[in-house]
Amino acid sequence: MRRSTPDQTFGHRAVVLLLALSTFGGLFLSASPRIASADALSDAYARQQDLQKLIAKQKAAITALTANQATLSARISSTKQSLSEINANLMTVKTQIVSMVVDVARSQNQVDELVATSARLDAELAEIQSEEAAKQAELDARVALLASRIREAYDTDRTSFLQTMLSSADFTDVLTEVGYHLDFAEQDKLLADQIASDKQVLAVLHQNVELAQQQTTELHQLAADSKARLDAQLKDLNDARASLAALEAETARLLSQQNAAYATLAANKAKLAADLAAQIEAEKKLEALIAKLVAEALAKGGIPSVYNGTFQWPISGRITQEFGCTGFSWEPPLGNCSHFHTGIDIANAMYTPIRAAGPGKVIWAGRSPYSTAWIVIIAHSSRLVSWYAHVDNQAYRPVVQAGQFVAKGQLIAYVGMTGQTTGPHVHWAVQLDGNWVNPRLFLPR
């Protein structure tokens, strides 16, 4: 077996020491770092805290954005449902859409801010990675320098250095004794201190890099998801606006036809006044007749005293006139209104099926004895009665008759143009305790 020479043995152990100093020297001497090193470490920690604050702030913003987008989606869905519902209240829908335009703009700003923050974090990540790389290069250079200085000392005084190394009780003694024999002076100790500090700073910088990388990845995905949701919401909103515009245009067309027809009637003011007076008289007589018939039905036990439940729309279509005070001069006066509309006019094509708004007993089905209008009237209780006027009497007469009980949604008649009317529609009216009330009050909220 080949034996190692003393020089070879000493050389091997010296290399071991060099490696030990390169790897562990900083850890041993890091107990009392210099002020400059402490500042660098404090800066790294401060940078980390700032990064964590930015991330926490953005997570809160993301939570708020997600909640806002969820609320907006629900509102858009509700508005689309309203537009598709029977007889959409266009003014209500228009108000909803205006409000949602504001909400979408707010959501757009939040998404833009999220995208901007993603870019800011990208820049932050790049800067931190650059700092980490620079600090790693500094550390490598200092470790190499310290190892070089120890190597030079070993070459200068090999024997005394190795003897000191081999006779020392522990690694601490090695560095202490080396200070006497290898010119391991104050500058070398400072270098070792700096290496230890660099390692601490580098560890924090690396944590910052990992934190920024994780957050930028999440933030980019969240920004993309939020942008996709916003794009879908914008499309839905634009679709709703287009639907509203189409409905408004159709309603305007129907109103224009109606106004033109009544303008013709209004040209002869004397005749209009006479017709209005006759209409008022006919309605009063019919109301009195229906009240008498309802009382008779109640006496026979044919209708309940109280109605429990809600109504449904009798037909779908465009509402050309709502309940209440109106500017249409052909409507009779009522209360404080010079012209009052006692029901809701719903326009649709001729012969559109008309259905009972609720269950009850048919009190009248046919021509009014006091006008040319054909009407179906249903008593839902002793207090609640619904009217369906202008029904057809030619191709499709009413399919129910007085005394018949009907279910909610049951077919009772078809849209027509009987009586004084300018186009096919149903005049849906409701009486409660003999007073005209808005039918909408009985529809589901």
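From the residues in the range 294-304 that are buried (at least 17 other Cβ atoms within 10 Å of the Cβ) and outside any loop (DSSP other than H, G, I, E, B), which one is modelled with the highest pLDDT? Write out each step before concluding.
The first filter runs over the range 294-304 and keeps only residues buried (at least 17 other Cβ atoms within 10 Å of the Cβ), leaving 294, 297-298, 303-304.
Next, only the ones that are outside any loop (DSSP other than H, G, I, E, B) stay: 294, 297-298.
Working: VAL294: 89, ALA297: 84, LEU298: 83.
Among those that are buried (at least 17 other Cβ atoms within 10 Å of the Cβ) and outside any loop (DSSP other than H, G, I, E, B), it is VAL294.
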Got a number for residues in the range 323-357 being surrounded by fewer than 22 Cβ atoms within 10 Å (Cβ to Cβ) and of a type in the set (Gly, Ala, Ser)? 6
Of the residues in the range 400-441, those that are under 38 Å from the mean Cα position of the chain (by Cα), in contact (Cβ under 8 Å) with a residue 24 or more places away in the chain, outside any strand (DSSP E or B) and within 23 Å of CYS337 (Cα to Cα) number 3
Give me a count of the residues in the range 333-388 that are touching a Ser or Thr at 6+ places or on another chain (Cβ under 9 Å) and within 21 Å of GLY301 (Cβ to Cβ). 10
Flag if LEU384 is touching a residue at least 60 places away in the same chain (Cβ under 8 Å), crowded, with 19+ Cβ neighbours inside 10 Å, of a type in the set (A, V, I, L, M) and within 30 Å of ALA277 (Cα to Cα): yes
Given the conditions (1) modelled with pLDDT of 90 or more; (2) surrounded by 17 or more Cβ atoms within 10 Å (Cβ to Cβ); (3) not in a strand (DSSP E or B), which single one is not true for SER371? (1)
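Looking only at residues that are over 46 Å from the mean Cα position of the chain (by Cα) and not acidic (Asp, Glu) in the range 387-399, which one is surrounded by the fewest Cβ atoms within 10 Å (Cβ to Cβ)? If you could, list the steps in order and put the result at the bottom.
Taking the range 387-399 and keeping what is over 46 Å from the mean Cα position of the chain (by Cα), we get 392-399.
This time we only want the ones that are not acidic (Asp, Glu), so: 393-399.
On the way: ASN393: 19, GLN394: 12, ALA395: 9, TYR396: 17, ARG397: 14, PRO398: 24, VAL399: 17.
This residue is ALA395.
The values are calculated or read from the model by the stated rules, or taken from the named source; none is laboratory data. These figures come from a predicted structure and were not determined experimentally. All Cβ positions, glycine included, derive from the backbone under ideal geometry; neighbour counts span all protein chains shown.
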